[in-house]
Amino acid sequence: MLNKMISTVEGQELILERVFDAPCELVFKAFSEAEHLKHWWGPRGWTLTVCNIDFRPGGTWHYCMKCIDEKQGDFYGYESWGKAVYLEIVEAEKIVYVDYFSDAEGNEAENMPSSKNTITFVEHEGKTKLVSRAQYASTEALKAVLDMGMEQGITETWDRLAEHLQSLQ
């Protein structure tokens, strides 16, 4: 049975929590190394075609998700570019970054909402409790990403993360 993601909205912040059956060190590596991210980042039917990561404060992660599932209709073949700029990293404990929609060159999409994300990795009975707090500039910006289907996308992404972690143990 998969652990389910708990989603809460507090003002302009989206808080997501889930317990993964893996140690904090491994879950942290899954978020910080390209060879892991390529296996699980993105919703089902999407794959990372670009994954350039410079994992350090001030470094960036620039990536492209591409829909490879013909059953997803108009999304099939669609590319979605993103960029994270890392602000703070505490090994196996916390990652703080600003998350942007971007283009292929890494330019931030000014018409799309960005968020400051804090991901914490908490040891929980030999497992990892992952808590993601995404702070948006306004409640309207948060509503815009929720209306795009972000919750479903993250749920599927974290399901893929759980499957990837299981394959490593």
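Pull up the cross-link candidates among the lysines for K127, meaning alpha carbon to alpha carbon under 30 Å and not fewer than 8 places away within one chain.
Partners within reach: K4, K29, K38, K83, K94, K116.
Determine the per residue accessible area of the chain with all protein chains present and a 1.4 angstrom probe, expressed in square angstrom.
Details: 8990 Å² over 169 residues.
It amounts to 53 Å² per residue over the chain.
Percent of accessible area on the chain owned by carbon and sulfur, 1.4 Å probe?
49 percent
Only loop residues by DSSP count here, and only those with at most 14 other Cβ atoms within 10 Å; note down the chymotrypsin sites (Phe, Trp or Tyr not before Pro) in region 70-154 that meet that.
Details: sites: F75, Y76, Y78, W81, Y86, Y97, Y100, F101, F121, Y136; in loops: Y76, Y78.
Answer by residue number: Y76, Y78.
Tell me which of I89, F20, Y76 sits at the most positive position along the dipole axis of the chain, charges placed on C-beta atoms (Lys, Arg +1; Asp, Glu -1).
Highest projection toward the positive end goes to F20.
Using R₀ = 30 Å, calculate the FRET efficiency as 1/(1 + (r/R₀)^6) where r is the Cβ-Cβ separation of E33 and Y76; round to 0.05. If you can, show how the numbers build up before the last one.
Working: r = 29 Å, r/R0 = 0.96.
With a Förster radius of 30 Å, E is 0.55.
For region 107-169, which trypsin sites (Lys or Arg not before Pro) are both in a DSSP coil and crowded by at most 16 other Cβ atoms within 10 Å? Please report the intermediate quantities before stating the final value.
Details: sites: K116, K127, K129, R133, K143, R160; in loops: none.
Sites meeting the loop and neighbour criteria: none at all.
To the nearest 0.05, what FRET efficiency results for Q166 and T139 with a Förster distance of 45 Å applied to their C-beta separation? Each step should come with its number before you reach the end.
Values: r = 37 Å, r/R0 = 0.81.
Step by step, r from the Cβ atoms, then E = 0.80.
So how strong a dipole does the chain carry about its Cα centre when Lys and Arg Cβ are +1 and Asp and Glu Cβ are -1, to the nearest 20 debye?
Values: 16 positive and 28 negative charges, 52 e Å.
Once rounded to the nearest 20, the dipole reads 240 debye.
Got a sec? Charge dipole of region 70-169, +1 on Cβ for Lys and Arg, -1 for Asp and Glu; which of L161, F101, M148 is way out at the positive end?
Toward the positive end, the furthest listed residue is L161.
Tell me which label goes with the value of Rg/Rh (Cα atoms, Kirkwood Rh) computed from the coordinates here: [x] 1.11; [y] 0.93; [z] 0.96.
[y]
Considering only C-alpha atoms, what is the centroid distance from region 135-169 to region 1-51, in Å?
Here the two parts' Cα centres lie 7 Å apart.
The values are calculated or read from the model by the stated rules, or taken from the named source; none is laboratory data. Nothing here was measured: the structure is a model prediction, and the numbers come from that model. Glycine also receives a Cβ, built like all others from the backbone with ideal geometry; neighbour counts cover every protein chain displayed. Please note that ligands, DNA and RNA were not included when accessible areas were found on the heavy atoms of the full protein model with its side chains. Shrake-Rupley method; radii C 1.70, N 1.55, O 1.52, S 1.80 Å.
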